[in-house]
Amino acid sequence: MDSKTIVWIKSGGRCAICNRYLLNENFGEVVSIGENAHIVGRSTEPGSPRGDAPLSESERDNPENLVLLCREDHKIIDKKTLLSLFTVRVKLPCSYLALMSFSVMSPT
């Protein structure tokens, strides 16, 4: 099973922050409106949100480092001026993330 599917199943198809249901069925077809967001940034390049956290690049697309978000909340957690609020050391404010095990989180 791929990482995206695992994250969708664990989240119940809902945004981990606002709990919005992320499958739109209004037009006779099921359309995914959710996005997989990286907890530790996808890249170690400067500017990657939370990309400087100690997690190997090969582990960054693992389900344990992904969370399902709506587009709005994904944009908020990755906004450069808000990155100090959404760090790897602090759990994002939602119940789904509280259930996940983050091996990269600092115990402090």
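The values are calculated or read from the model by the stated rules, or taken from the named source; none is laboratory data. This is a predicted model, so every value here is computed, not measured. Cβ atoms come from the backbone with ideal geometry, glycine included; neighbour counts cover every protein chain shown.
Per-structure values
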| read-out | value |
| --- | --- |
| Extreme residue, farthest from ARG60 (Cα to Cα), among residues of segment 20-44 that are small (Gly, Ala, Ser) and out of contact with any strand residue (DSSP E or B) (no Cβ under 7 Å at 6 or more places or on another chain) | GLY28 |
| Every pair of residues 6+ apart whose Cβ atoms lie under 7 Å, when the first sits in segment 51-74 and is free of Cβ contacts under 8 Å to residues at least 12 places away in the same chain while the second is charged (D, E, K, R) | GLY51/GLU45 |
| Any hit, segment 43-66, residues being within 24 Å of THR5 (Cβ to Cβ), of a type outside the set (A, V, I, L, M, F, W, C), under 14 Å from the mean Cα position of the chain (by Cα) and at pLDDT below 80 | no |
| Residue count for segment 1-44, restricted to those that are surrounded by 12 or more Cβ atoms within 10 Å (Cβ to Cβ), part of a loop (DSSP other than H, G, I, E, B) and polar (S, T, N, Q) | 3 |
| Number of the condition not met by ILE39 [criteria: (1) under 21 Å from THR87 (Cα atoms); (2) in contact with an Asp or Glu (Cβ under 8 Å, 6 or more places away or on another chain)] | (2) |
| Residue check, GLU35 closer than 20 Å to ALA16 by Cα, charged (D, E, K, R) and modelled with pLDDT of 75 or more | yes |
